[in-house]
Amino acid sequence: MDNRQQGRRQALRVLGAGALAASPVVSVRAQARDEVVLASVMPLSGFLAQVGEELNRGVELAVDAINAKGLQIGSRTYQVKLRTFDDRSDAVTEARLAERAATAEKANFLIAGAGGVLAKAVIPVAQRMRIPVMAQWSNLDGVFEAQQGAPFLFGGMPPFSRAYDSIWEMLARLDKPKVRTVAMISSRDELGVFFSKKLPDQLAKAGLQHVHNELFPPGTQDYGSVIERCAQHKPDILLLNCYKPQIIGIFKHMQAVKYYPPSVIFQGPTRLVESLGSDTSGAFVPSFWAEGGTTYKDPYIGTSADFTKAYRAKFKNSPPDFIAARGAANVVTYALVAARANTVSDQQALLNGFRSFDGETFFSPVKFDASGLNTKGEVFASQFQGGAMQIVHPDAVKQAAPVHPFPLWKPS
């Protein structure tokens, strides 16, 4: 399907009545005058499709919530018209759709870039068009550092270099057995190359020891040799620092050869249990949202508990991880910035609003640094337990005690 066919088939969603409340009835003339167009470019197909589906759920919930109350800008109340575009997990398509949204679609707000490669494709578009863009789900320092001092892309999560800090802190305290040595398996891409340089120093600060990085070519299916080379270093802790399809491929090979170290860490959590089953129980995952465990609040969603309630009402199950909440928080952040900037159309004022914003959503506190990343964002250590993610560190938001060691590990 080409982009023109895809564009014709994209659902033009004016999301009013939804999970949270009913929207007011407005005339056709008022609706045309008092609406703001939100373009959401995300991977609804391709490599990152399941991440995109969860992000889209969160975006829809946030638009429901904002339209239920109305987006108040000065003396005017706006409804949000959502236009959703599938980037097919492709960077070239990502850039083309982001530019189309800003020009032909005349979007007031633009959210795009899920993952480092797609976010990297958005930055030059935003810079050329001189518009702010909220990242869907991206926080890789190496991508954002390219815009140091003049950010146009803004990420609502903390820098990725902090993603495992809470996990390292927790693992360093565990015993029976003590775990000290760490090996990482990652793709030789933006994510893997960047983090392989950061990992040794981060581990040393936590009292852990780095023993090996295994970087595989993007697109490979040969994970057996990758695991074999990594296992030769006998790590206590194995970090799978890659995207979901790669994690699935690596872990299935681990299942086949029955290789399990005392601790296993996954970079991303989205629907891994569906693909890998109960063997995921005991694996640690970084999380950027404490479901029901914080008091952060915004005027649209409310609290994290309110978001979970709305998600359950609309989708008939609980959020499987933080991804949908991140999608919703992106929309809420844009709404808060627009309200403070007192405009939905002045892109320079919106850009200045992002650069100076200091507030909070139901997801977390938000303040963007000179590279566009959220310096106030939080990171927690979570673990798969009984098919669900549970926060196991720090104590202030802990939902369960950590299971240690990895249940399938057997002492040699």
Looking for whichever is under 21 Å from K297 (Cα atoms), open to solvent by less than 30 Å² (accessible area, probe 1.4 Å) and in contact with a helix residue (DSSP H, G or I) (Cβ under 7 Å, 6 or more places away or on another chain) here; the options are G359, G377. Which one fits?
G359
Looking at (1) touching a Pro at 6+ places or on another chain (Cβ under 8 Å); (2) under 20 Å from G377 (Cβ atoms); (3) among the aliphatic types (A, V, I, L, M), which is the one condition that is false for A119?
(1)
Which members of the range 37-53 meet the condition of being crowded, with 24+ Cβ neighbours inside 10 Å and either part of a helix (DSSP H, G or I) or of a type outside the set (V, I, T) (or both)?
L38, S40, M42, P43, L48, V51, G52
From the list R57, R83, R88, which one is assigned to a loop (DSSP other than H, G, I, E, B) and either within 24 Å of N342 (Cβ to Cβ) or open to solvent by 30 Å² or more (accessible area, probe 1.4 Å) (or both)?
R88
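Identify the residue in the range 355-412 that is in a loop (DSSP other than H, G, I, E, B) and among the charged types (D, E, K, R) and, among all such residues, is farthest from the chain's Cα centre (by Cα).
Of the range 355-412, the ones in a loop (DSSP other than H, G, I, E, B) are 357, 361-364, 369-372, 375-379, 386-387, 394, 398-412.
Now narrow it down to the ones that are among the charged types (D, E, K, R): 369, 376, 378, 398, 410.
Numbers: D369: 18, K376: 15, E378: 13, K398: 21, K410: 34 Å.
Looking at the filtered set, the residue picked out is K410.
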Conditions first: (1) part of a helix (DSSP H, G or I); (2) open to solvent by less than 20 Å² (accessible area, probe 1.4 Å); (3) touching a residue at least 60 places away in the same chain (Cβ under 8 Å). W168 passes all but one, so which condition is the exception?
(3)
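Across the range 291-336, which residue is most open to solvent (accessible area, probe 1.4 Å) among those that are closer than 22 Å to I73 by Cβ and not in a helix (DSSP H, G or I)? Lay out the reasoning, then the answer.
Taking the range 291-336 and keeping what is closer than 22 Å to I73 by Cβ, we get 297-302, 328-336.
Filter once more, so that each one left must be not in a helix (DSSP H, G or I): 297-302.
On the way: K297: 125, D298: 9, P299: 72, Y300: 24, I301: 14, G302: 9 Å².
Per the criteria, the residue is K297.
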Say whether the condition of being within 22 Å of T270 (Cα to Cα) and of a type in the set (K, R) is met by at least one residue in the range 178-197.
yes
Counted residues in the range 242-267 being within 22 Å of the chain's Cα centre (by Cα) and either open to solvent by less than 10 Å² (accessible area, probe 1.4 Å) or among the β-branched types (V, I, T) (or both) come to 8
In the range 60-80, the residues that are open to solvent by 20 Å² or more (accessible area, probe 1.4 Å) and either in contact with a helix residue (DSSP H, G or I) (Cβ under 7 Å, 6 or more places away or on another chain) or of a type in the set (S, T, N, Q) (or both)
Q72, S75, T77, Q79
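Considering only residues that are open to solvent by less than 10 Å² (accessible area, probe 1.4 Å) and assigned to a helix (DSSP H, G or I), which ones fall in the range 171-190?
Just the residues of the range 171-190 that are open to solvent by less than 10 Å² (accessible area, probe 1.4 Å), to begin with: 171, 179, 182-187.
Scanning the range 171-190 gives a single hit, L171.
The values are calculated or read from the model by the stated rules, or taken from the named source; none is laboratory data. Since the structure is predicted, the reported quantities are computational estimates derived from the model, not experimental observations. Positions of Cβ are backbone-derived with ideal geometry, glycine not excepted, and every protein chain shown enters the neighbour counts. Surface areas here come from the heavy atoms of the whole protein model, side chains and all, with no ligands, DNA or RNA. Shrake-Rupley method; radii C 1.70, N 1.55, O 1.52, S 1.80 Å.
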